[in-house]
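Participant: Below is one structure. I have some questions about it.
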Amino acid sequence: MGRRSRARRSALWVIEVVSPESAHRDRTVKLRKYAEAGIPRHRCVEGEDGSLVVHVHELDGPTRAYAPAGTFRDALKRPAPLEISLDLGKLTPPRAG
């Protein structure tokens, strides 16, 4: 069994940072592949009007597909698999103007 297969089976979550050049692949193809690999939690981070947005997905075991679990724009707070609290506004540079 390859190193990549072992890593996927043991991963608790994945955080995908969407780039403009690969947005379609980041949001669809990779999302499906992570679900098929059985990774229970997926976070998708992308820019929206100069701010960060985090889309949270949780794996539905029986269907092996992700279900939306929230969209966070100002702050990200989640209790599992470890407690996380982020002020998303502090992660982006101030707007010029």
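Participant: With the crude spin-label approximation of a point 7 Å out along Cα→Cβ, what separation in nm comes out for residue 92 versus residue 46?
Facilitator: 1.4
Participant: Could you tell me which of rounded, prolate or oblate describes the range 22-78, using a ≥ b ≥ c as the square roots of the eigenvalues of the alpha-carbon gyration tensor, with rounded for a/c under 1.5 and, failing that, prolate when a/b is larger than b/c and oblate otherwise?
Facilitator: Oblate, because a/c is 1.5 or more while a/b does not exceed b/c.
Participant: Also, I was wondering about something else. Gain in length, residue 37 to residue 22, computed as 0.36 nm per residue apart minus the alpha-carbon separation, to one decimal in nm?
Facilitator: Full extension of this stretch gives 3.4 nm more.
Participant: Could you compute the FRET efficiency for residue 58 and residue 10, with r as their C-beta to C-beta distance and R0 at 22 Å, rounded to 0.05?
Facilitator: The pair residue 58/residue 10 has a calculated efficiency of 0.80.
Participant: List the residues whose amide H sits under 5 Å from the amide H of residue 14, counting only those 5 or more places along or on another chain, with H placed 1.01 Å from N in the peptide plane.
Facilitator: 41, 42, 43
Throughout, read-outs are computed from the coordinates displayed, never taken from laboratory work. All values reported here derive from a predicted model rather than from experimental measurement. We place every Cβ from the backbone using ideal geometry, glycine too, and count neighbours over all the protein chains shown.
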